[in-house]
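*Asks:* The structure follows.
What follows is calculated from the coordinates using simple rules that are stated; it is not laboratory data. Owing to the predicted nature of the structure, the values given are computational and were not obtained by experimental measurement. Quick reminder, even Gly has a Cβ in these numbers, built from the backbone with ideal geometry, and neighbours come from all protein chains shown.
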Amino acid sequence: MDLLRVVVGAGISVLLSYSLPWARRTWWRAALVALAFGLYALAPLLPGWGPALLLVACPAIAVALARLARGDENAQTSPTLFNDRPGLVLWPLGALAGVCLLGALVHDASGTVALAARLFGDDRLFVVVAGFVLATFIGGEVVTHLLRPFTKVLDEEEGAQMRSLRGAGAVIGWLERSLIYAFVLAGRPEGAALVVAVKALARFPDLRAHQKGFAEYFMIGSLSSLGVAAFVGFAALTIMS
């Protein structure tokens, strides 16, 4: 399992900032996200020199990849809230986490530290969390790159009719893949059909209004998103079994 933490943990640490539109906007956000996940993945292996070296290298590589993604016009865009007023989300979440942590430390500092150590060192929990991040966020970039050859053509043909809320597509994709991943992990893969059905129902007016090209584009995006999330979910189940 140590090898899994090193390979998967380092890989996600490098790619996560690249896959999060909000994180890749500035170098320090990209580095912070990479460092945070790298610490979670590699903490049980520290203070070995190998994991420590990876912990330094991953943020540097993540910053370079984030800079590359900023020049990609087809990359996923952030929801408007994260562009205009990110503090409205981040500060309340940070305050809640800080208050909870402070309360736990005041109540039982040694127990809280012991619990944190167990959570960081729990390999099954790591597989679940890594799979969630991989399926939900990094999987979004996989879908984006699969759709790339068709995006420009579709924009030229139907761009005026296909305007949508900024970043809504990314959020829908995150929700879709996280739900599919959760269903597979819970042993209920048939639940993925419900997720796809709801998405298709919401898109039905667009599918009727637009030409065949949009229907094909929608099918490629939906099936690739389903495939990525299901594959990661079944892989996580296999590793934990």
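*Asks:* Grab the beta carbon distance between Ala197 and Arg148, set R0 = 35 Å, and tell me the FRET efficiency rounded to 0.05.
*Replies:* For Ala197 and Arg148, the calculated efficiency is 0.85.
*Asks:* Of the peptides 112-119, 183-190, 141-148, how do they stack up when ordered by the mean number of other Cβ atoms within 10 Å, highest first?
*Replies:* 141-148, 183-190, 112-119
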